[in-house]
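Read the structure below first, then the notes.
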Amino acid sequence: MISQQLTIAFIVFGAAMLFTPGPNNIMLMASGLNYGFRRTLPHVAGVTLGFSFLVAVIGLGLGAVFAAYPVLHTILKYAGTAYLVYLSVMIARSGPAETGNTGEGRPMTFLGAAMFQWVNVKGWVIAVGAVTAYAAIAAYPLNIVMLSVLLFVIGLGSSLSWVVLGTSLQPLVRSPRAVRIFNIVMAMLLLASLYPVLKEP
């Protein structure tokens with residue numbers, strides 16, 4: 001039997017977690033500014049589908065593996081941190097995208113964004129929290145399906161909102177220098193998002 005009150009509480013939880021600034025949202029906003037809405041859509045799809053898949057896999061048992069072997073959590077934490085530092089450097093070094101540009105400056109692919117969810121520590125925190133706190137939303141395995149679908153819908157809304165925000169800044173950030181400054185600020189925010197992760201024992 002589906003708990004309506006718990007479902008509403010979970011939707012509020014999902015919105016609070018997924019709409020707040022984090023690695024995915026910062027990168028989506030930067031991509032929206034640098035590459036525009038359409039070119040960022042594969043990135044959006046990778047984030048939303050990849051995260052929903054992560055929630056489903058955790059709900060179906062992977063979380064128990066991490067509980068049994070805490071060292072895996074530590075490995076994930078530092079691998080994710082290293083990758084986020086790398087992405088921050090790439091964002092900081094990127095300039096405005098040119099029409100027909102085939103160089104290094106290109107938006108994240110669907111596969112790259114989907115795979116990123118596995119090293120995104122904030123994503124893991126949200127996924128584990130959702131599964132452990134809201135599993136009673138329905139009977140297993142319907143509860144895991146519901147959690148994954150609801151997070152997909154909320155995540156899609158969040159991802160598109162951040163891309164639109166980035167795209168809406170294009171008229172204000174016109175010069176290559178302004179784009180460079182914006183990218184450096186986004187890179188610094190991405191690095192700042194690591195603080196809670198590194199502070200955690």
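The values are calculated or read from the model by the stated rules, or taken from the named source; none is laboratory data. Note that the structure is predicted; figures quoted are calculated from it, not measured. Positions of Cβ are backbone-derived with ideal geometry, glycine not excepted, and every protein chain shown enters the neighbour counts.
So is SER159 hydroxyl-bearing (Ser, Thr, Tyr) and within 14 Å of the chain's Cα centre (by Cα) or not?
Yes, satisfied.
If ARG106 satisfies every condition in (1) in a helix (DSSP H, G or I); (2) in contact (Cβ under 8 Å) with a residue 60 or more places away in the chain; (3) more than 13 Å from VAL44 (Cα to Cα); (4) not hydrophobic (A, V, I, L, M, F, W, C) but one, which is the exception?
Here ARG106 meets the rest and fails (1).
I'd like to verify a number: residues in the range 1-44 that are part of a helix (DSSP H, G or I), within 21 Å of VAL85 (Cα to Cα) and small (Gly, Ala, Ser), how many?
Residues meeting the conditions: 3.
Answer yes if at least one residue in the range 5-13 is buried (at least 22 other Cβ atoms within 10 Å of the Cβ) and within 17 Å of the chain's Cα centre (by Cα), and no otherwise.
no
Answer with yes or no whether PHE51 is assigned to a helix (DSSP H, G or I), modelled with pLDDT of 95 or more and under 15 Å from ILE126 (Cα atoms).
It is true that PHE51 is assigned to a helix (DSSP H, G or I), modelled with pLDDT of 95 or more and under 15 Å from ILE126 (Cα atoms).
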